[in-house]
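Chemist: Dropping the structure in here first, questions after.
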């Protein structure tokens, strides 16, 4: 009788006698992108067996929101600062892609009704 088993069983995959490999635990691309499995087939005659290496690539999904390097930014700027003055550089990271984004923020002044001045960060 033919039987199949994983040679190393401390992975997130399993195999049944029909040869189907299945997931037995959660996969996380950000933690591990690839699994190497060795499957051993035996026919009941010891020590005769065959092994095959199976490489499984985990595909990433966009499950991680971008993160800023700081929770909040507090800045001061002179009221005499001209339009377009750079006042802040914010940095964020996308853990799905590993890309780090850096953006310079400029200030623009908008005079609203009744003399109020509104400063708006322009990205």
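Chemist: Please give the FRET efficiency for residue 43 paired with residue 7, using the beta carbon to beta carbon distance and R0 = 22 Å, rounded to the nearest 0.05.
Modeler: Result of the calculation: an efficiency of 0.85.
Chemist: For segment 15-66, what value does the Rg/Rh ratio take when both radii are computed over Cα atoms and Rh is the Kirkwood radius, given to two decimals?
Modeler: Computed over Cα atoms, the ratio is 1.14.
Chemist: Along Cα→Cβ, 7 Å out, is where each label goes; now give me the distance between the ones at residue 59 and residue 102 in nm to one decimal.
Modeler: So the label points at residue 59 and residue 102 sit 3.4 nm apart.
Quick note: the coordinates plus some simple rules give every number you see, no bench work behind them. In this text the structure is predicted, and so the values were computed from the model without any measurement. FYI the Cβ positions are ideal-geometry reconstructions off the backbone, even for glycines, and counts take in every protein chain you see.
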